[in-house]
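K.L.:
Pasting in a structure now, in structure tokens, and then I'll have a few things to ask.
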Amino acid sequence: MADEPKKIPDVTKKTVKPKKPKIPRQKMPEQEPLIRAHNFEEVPYGYSIETAMIEASRCIMCKKPKCIHGCPVGIDIPGFIREIRDGNLKKAARIMKQSNALPAICGRVCPQEEQCEIVCVVGIKQEPVAIGRLERFIADWERDQGEIEIPEIAPSTGRKVAIVGAGPAGLTVAGELAKLGHQVTVFEALHKPGGVLMYGIPEFRLPKAIVEAEVDYVRQLGVEFVYNAVIGKYFTLDELMEEEGFHSIFIGSGAGLPYFMNIPGENLIGVYSANEYLTRSNLMKAYDFPNYDTPIIRSKKVAVIGGGNVAMDSARTALRLGADDVYLVYRRSRVEMPARDEEIHHAEEEGIDFRLLTNPIKINGDENGRVKSMTCIKMELGEPDASGRRRPVPIEGSEYEVEVDTVVVAIGNGANPLLPEATPELKTNKWGNILAEDETGLTSMKGIYAGGDIVIGAATVILAMGAGKSASKAMNEYLMSLDV
Amino acid sequence: MNRIISKDRLAEGIVDLRVEAPVIARKRKAGQFILLRIDETGERIPLTIVDSNPEEGSIRLIIQEVGKTTYSLGELEAGDSIKDIAGPLGKATHIENFGTVVCIGGGIGVAPVYPIAAAMKEAGNRVISIIGARNHDLMIMEEDMKKVSDRLVVATDDGSYGIHGFVTDALQSLIDEGLKIDLVVAIGPVPMMKFTSLLAKKNNLPTIVSLNSVMVDGTGMCGGCRVSVGGKSKFVCVDGPEFDGHEVDYDELTMRQSAYHDMEKEAMDIYHKCKIGRDGEDK
């Protein structure tokens with residue numbers, strides 16, 4: 001619009017600016033709760049082109065957009081929304097891909113309500129622009145066109161980079177560095193790429209075909225993937241640098257050993273870590289047993305312990321695997337739950353029975369060692385603890401038993417010890433997380449960077465990607481400083 | 001990748017595969033294992049690396065046919081490939097010159113005890129091995145074990161070969177001989193490890209066992225393989241697979257191994273039915 005001459009306001013007329021009719025935030029249609037609770041298909045259907053354009057028109061194109069700063073990978077949000085509004089979908093996709101190689105994933109699993117949307121100026125008086133839904137729309141649209149545009153790749157720099165782990169952090173670094181002309185190889189411990197996107201987040205929240213398509217995009221940038229390669233065992237970091245000829249390494253090995261509660265009965269048959277429960281169902285497709293060989297217990301009554309997104313995913317998976325009753329047992333109250341509102345809402349709609357201010361104290365088994373019930377105690381909230389949340393305190397004498405055949409423990413993960421054990425010079429904190437500089441991800445070892453859950457403990461996909469993004473900048477500088 | 005170079009049958013229901021896996025062949029140490037997935041719909045199962053040939057770039061796997069995956073492995077022939085092999089996993093056996101080490105393998109357990117016996121021998125130990133089977137036909141790897149042992153004792157449950165009795169009876173007779181034993185390594189079915197450890201404990205013999213529990217990822221991420229050792233939960237995949245035989249809760253391990261018995265049976269039934277159907281077509 002810059003070419004048009006500026007209109008000179010007509011001061012003779014007393015004008016009242018007509019009030020623009022307020023367009024409400026556009027909803028995404030969803031599968032009916034009671035139907036979707038029994039299938040693994042994705043819950044929301046996504047915007048149509050028309051709805052997406054209406055939603056895009058709600059963006060007021062701030063001159064100094066706050067949303068971009070709210071995004072850990074700094075997507076040009078008003079930029080791509082403008083193109084959607086104007087119907088230039090290809091261009092919108094291109095703008096988004098400049099900063100984010102995994103938009104269909106982020107559009108689905110990012111907590112936009114605490115990142116870009118919370119700072120949206122429209123959100124002051126109305127509901128914020130549905131940035132996440134638009135991101136998802138444009139990524140899905142581009143994929144559905146059947147041809148994904150591959151950006152220009154810089155000429156080869158002759159530098160080789162190894163990435164440990166094909167999760168969100170590793171994929172981000174891989175994509176960024178490949179675009180800059182470095183030769184990138186990703187070593188993945190499992191037999192499929194994606195990390196938590198593949199083994200952790202369920203199909204109904206993030207279809208695996210979408211993960212594979214976005215990984216394929218990274219592959220088309222020239223990134224090579226090696227599966228079944230557990231770094232620390234298959235190759236050590238030293239071997240990668242000295243024998244395999246890599247100039248720099250990024251460690252994004254992800255979540256580690258699951259925590260258990262250390263209460264009696266936790267080794268009974270039917271007690272799972274959320275990692276195991278979800279991995280069996282998602283990565284190994286146990287929900288499709290016996291077409292797939294991996295079994296998962298056919299539960300009727302399931303208790304999931306925890307209040308985060310992983311707990312919600314586990315509870316909703318249990319329903320879809322055929323459980324009649326699924327309890328979500330959390331020791332604090334609803335407001336302290338770390339899960340996204342949307343996930344809590346979806347879980348409630350599907351009929352998950354929330355047992356808040358409740359803590360398990362014992363799991364009871366039958367004569368075959370299978371779970372038959374769980375003893376819980378009721379809690380009340382006391383003074384705030386170190387996390388700022390009010391500390392749950394048991395109410396004496398309030399113990400009760402709930403009949404369950406499966407217990408899924410979703411209370412977080414510790415650090416994976418494999419890599420630090422094999423690499424004594426790699427410094428870790430007292431919890432075993434790898435020490436890395438905030439800005440660059442540089443570890444205690446020269447040329448070796450790290451980011452994501454292995455550094456910050458359990459966080460989100462987008463934070464891991466943000467860490468990957470900043471590490472890739474530092475790694476590029478380091479790589480280009482080397483004489484090769 | 002993961003191509004089968006050769007296949008032998010060691011006994012009824014026991015298959016010996018040499019599989020192309022050059023990096024693992026170079027890296028693996030005694031006591032470590034791999035996880036494999038036979039095809040796109042397969043589950044991940046752990047198997048001990050019995051031996052390796054770094055020059056050829058191959059590893060040796062010995063499989064007892066007990067369920068759908070292991071029977072399917074038994075059907076593969078030289079030239080076929082296994083979809084995924086990840087390894088070497090788990091902690092390697094702590095090898096040093098202890099003095100006299102008794103290596104005991106029960107049934108299919110001879111396969112995982114073999115690389116440990118070989119490494120112990122290599123480290124200068126006097127290696128006395130005991131291998132046992134239900135009967136002579138099921139006895140495996142006798143020649144292999146002979147090569148890495150200063151003395152080999154064989155036992156069969158039915159007396160069809162060697163000592164008539166269990167491996168514990170053979171260990172008892174070594175103890176009765178007044179042999180000074182510095183370490184016992186016992187691998188086999190859970191009851192065999194349990195009773196061997198009990199006998200060893202009675203005689204104050206330090207004992208190492210190697211556990212085979214249900215696993216998924218094999219890198220510590222899922223915790224499905226947890227066992228109680230000395231009253232604490234340990235992950236077989238990253239803390240093991242070897243543990244102090246006197247500290248393991250064997251009854252819990254037996255119980256946990258049975259977690260999926262009904263579904264394993266179901267998968268086997270379908271597998272057998274398919275086999276019958278297919279054989280019918282072949283004719």
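The values are calculated or read from the model by the stated rules, or taken from the named source; none is laboratory data. Treat the numbers as computed from the prediction; the structure is a model and nothing was measured. Neighbour counts run over all protein chains shown; Cβ positions are idealised from the backbone, glycine included. Ligands, DNA and RNA are excluded from the accessible area calculation, which covers all protein heavy atoms including side chains. Shrake-Rupley method; radii C 1.70, N 1.55, O 1.52, S 1.80 Å.
K.L.:
Of the residues A:GLU203, A:GLU176, A:GLU244, A:GLU214, only one is within 14 Å of another protein chain (Cβ to nearest Cβ), among the acidic types (Asp, Glu) and at negative phi; which?
P.N.:
The unique qualifying residue is A:GLU244.
K.L.:
Checking the structure you have, find out if any residue of the range B:81-90 is among the β-branched types (Val, Ile, Thr), open to solvent by less than 40 Å² (accessible area, probe 1.4 Å) and under 16 Å from the mean Cα position of the chain (by Cα).
P.N.:
no
K.L.:
Another one. Given (1) open to solvent by 30 Å² or more (accessible area, probe 1.4 Å); (2) within 9 Å of another protein chain (Cβ to nearest Cβ); (3) over 30 Å from A:ILE163 (Cβ atoms), identify the lone condition not met by A:PRO264.
P.N.:
So the condition that A:PRO264 fails would be (2).
K.L.:
I'm checking my understanding of the structure. Among residues of the range B:198-219 that are within 13 Å of B:PRO241 (Cβ to Cβ) and within 11 Å of chain A (Cβ to nearest Cβ), which one is most open to solvent (accessible area, probe 1.4 Å)?
P.N.:
B:VAL214
K.L.:
Quick check on my filter: what residues within the range A:217-236 are in contact (Cβ under 8 Å) with a residue 60 or more places away in the chain, away from every other protein chain (no Cβ under 14 Å) and either in a helix (DSSP H, G or I) or hydroxyl-bearing (Ser, Thr, Tyr) (or both)?
P.N.:
Within the range A:217-236, A:TYR217, A:VAL218, A:GLN220 meet the criteria.
K.L.:
For the range B:102-109, does any single residue satisfy the condition of being more than 13 Å from the chain's Cα centre (by Cα) and either surrounded by 18 or more Cβ atoms within 10 Å (Cβ to Cβ) or farther than 30 Å from B:GLY245 by Cα (or both)?
P.N.:
Yes, because at least one residue in the range B:102-109 is more than 13 Å from the chain's Cα centre (by Cα) and either surrounded by 18 or more Cβ atoms within 10 Å (Cβ to Cβ) or farther than 30 Å from B:GLY245 by Cα (or both).
K.L.:
Can I ask one more? Can you pull out the residues in the range A:410-420 that are surrounded by 19 or more Cβ atoms within 10 Å (Cβ to Cβ) and within 9 Å of another protein chain (Cβ to nearest Cβ)?
P.N.:
A:ASN413, A:ASN416, A:LEU418
K.L.:
On to the next question. Inspect the range B:142-151 for any residue being under 18 Å from the mean Cα position of the chain (by Cα), of a type in the set (A, V, I, L, M, F, W, C) and surrounded by fewer than 22 Cβ atoms within 10 Å (Cβ to Cβ) and give the result as yes or no.
P.N.:
Looking for residues that are under 18 Å from the mean Cα position of the chain (by Cα), of a type in the set (A, V, I, L, M, F, W, C) and surrounded by fewer than 22 Cβ atoms within 10 Å (Cβ to Cβ), one finds at least one in the range B:142-151, hence yes.
K.L.:
Moving on to the next point. Taking into account only those residues within the range B:66-77 that are outside any helix (DSSP H, G or I) and either open to solvent by 30 Å² or more (accessible area, probe 1.4 Å) or hydrophobic (A, V, I, L, M, F, W, C) (or both), which is farthest from A:TYR292 (Cα to Cα)? Show your work before the answer.
P.N.:
Pass one, the range B:66-77, residues outside any helix (DSSP H, G or I): B:66-67, B:76-77.
Retained after the next criterion (residues that are either open to solvent by 30 Å² or more (accessible area, probe 1.4 Å) or hydrophobic (A, V, I, L, M, F, W, C) (or both)): B:66, B:76-77.
Values: B:VAL66: 18, B:LEU76: 19, B:GLU77: 22 Å.
In this case the residue turns out to be B:GLU77.
K.L.:
Please go through the range B:220-275 and give me each residue that is more than 9 Å from every other protein chain (Cβ to nearest Cβ), part of a helix (DSSP H, G or I) and open to solvent by less than 10 Å² (accessible area, probe 1.4 Å), ordered by number.
P.N.:
B:VAL236, B:CYS237, B:LEU253
K.L.:
Suppose we keep only residues that are farther than 21 Å from A:THR406 by Cα and open to solvent by 30 Å² or more (accessible area, probe 1.4 Å) within the range A:293-346. Which one would you say is nearest to the other protein chains (Cβ to nearest Cβ)?
P.N.:
A:PRO338
K.L.:
Hey, another quick one. If I filter the range B:218-228 for residues that are closer than 19 Å to B:ALA30 by Cα and not charged (D, E, K, R), do I get at least one hit?
P.N.:
The answer is yes; a qualifying residue exists.
K.L.:
Specify which of the listed residues (B:LEU47, B:LEU36) is at pLDDT 95 or above, within 11 Å of chain A (Cβ to nearest Cβ) and under 15 Å from the mean Cα position of the chain (by Cα). Steps first, answer last, please.
P.N.:
Working: B:LEU47 fails: within 11 Å of chain A (Cβ to nearest Cβ).
Just a single option satisfies the conditions, and that option is B:LEU36.
K.L.:
With a cut-off of at least 1 residues that are among the basic types (Lys, Arg) and in contact with a Phe, Trp or Tyr (Cβ under 7 Å, 6 or more places away or on another chain), name the strands (runs of 3 or more DSSP E) lying wholly within the range A:335-413.
P.N.:
Qualifying strands (runs of 3 or more DSSP E): A:353-355.
K.L.:
Kindly indicate which of A:GLY270, A:GLY232, A:GLY254, A:GLY306 is more than 26 Å from the chain's Cα centre (by Cα) and on the phi > 0 side of the Ramachandran plot.
P.N.:
A:GLY270
K.L.:
Keeping to the range A:267-289, report how many residues are within 11 Å of chain B (Cβ to nearest Cβ), open to solvent by 10 Å² or more (accessible area, probe 1.4 Å) and part of a helix (DSSP H, G or I).
P.N.:
Selection size over the range A:267-289: 2.
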